[in-house]
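Colleague: What follows is a single structure, and I will ask about it in a moment.
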Amino acid sequence: DTLGLSNPAGLAYSPAGNVFYVVQARQPGRAPALSSDISVLSASPASDQADMVRVLAAVPDPLNMAFDGKANRLLVYQPTSLELTDIAAGPDGELDPATLTRHSVPRFGLRYPQGMAVDPASGRLFFLDSIGPRIVRIEPDADGDFDSAAISRLDLVDIKQVCLRGL
């Protein structure tokens, strides 16, 4: 309540900056905004301050937001435009809206993503795609770009059937 976050819906953590990024849920019945406010909160228990950063990108589904510790950037998946947005963070975790980059990613083949995570050591991006259901793994190229990323899929239905047969 003291931070003014009444309806938080998305959360990501930057280990280098020791900060949380929080996005509020969109109010039902309201059209998605063209920009988003991202709260930057210190993870230190002694701090009770929040900074706000406005970025020129919608965050329609905060479940599909994660921090890439290897490339030091916040990633947000845009399902309507099939884009992955990245915003660079400084060493203190402060986001730099001027660095916002959009990557066209229809080749990821996502149908209904319901969460994403990033391996902080490798920079691999993982989506839980509930249609399938499956896990989609995206490995960026050496520069951290997604244009020539390697994509693989793990079908969760097949794994369940294998597990059940083993019982």
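The values are calculated or read from the model by the stated rules, or taken from the named source; none is laboratory data. No experiment lies behind these values; they were computed from the predicted model shown. Ideal geometry is used to build each Cβ from the backbone, glycine not excepted, and the neighbour counts take in all protein chains shown. The accessibility values were calculated without ligands, DNA or RNA, using every heavy atom of the protein model including side chains. Shrake-Rupley method; radii C 1.70, N 1.55, O 1.52, S 1.80 Å.
Colleague: What residue, among those in region 74-95 that are closer than 15 Å to residue 21 by Cα and assigned to a loop (DSSP other than H, G, I, E, B), is least open to solvent (accessible area, probe 1.4 Å)?
Modeller: Ranking the qualifying residues of region 74-95, first place goes to 93.
Colleague: Just checking, how many residues over region 105-129 are within 12 Å of residue 63 (Cα to Cα) and among the aromatic types (Phe, Trp, Tyr)?
Modeller: 2
Colleague: Looking at region 96-110, which of its residues are part of a loop (DSSP other than H, G, I, E, B) and exposed (fewer than 13 other Cβ atoms within 10 Å of the Cβ)?
Modeller: The answer is none; no residue qualifies.
Colleague: Report, ordered by the first and then the second residue, all pairs with beta carbons closer than 9 Å, sequence separation of six or more or different chains, a first member in region 1-19 that is small (Gly, Ala, Ser), and a second member that is assigned to a loop (DSSP other than H, G, I, E, B) and at pLDDT below 75.
Modeller: The qualifying pairs are 9/26.
Colleague: Cβ-Cβ below 6 Å, separation at least six or inter-chain, first residue in region 124-136 and within 12 Å of residue 65 (Cα to Cα), second assigned to a loop (DSSP other than H, G, I, E, B): which pairs?
Modeller: 127/110
Colleague: Sticking with this structure for a sec: Return the residues of region 111-130 that are at negative phi and open to solvent by less than 40 Å² (accessible area, probe 1.4 Å); say none if nothing qualifies.
Modeller: 113, 116, 118, 122, 125, 127, 129
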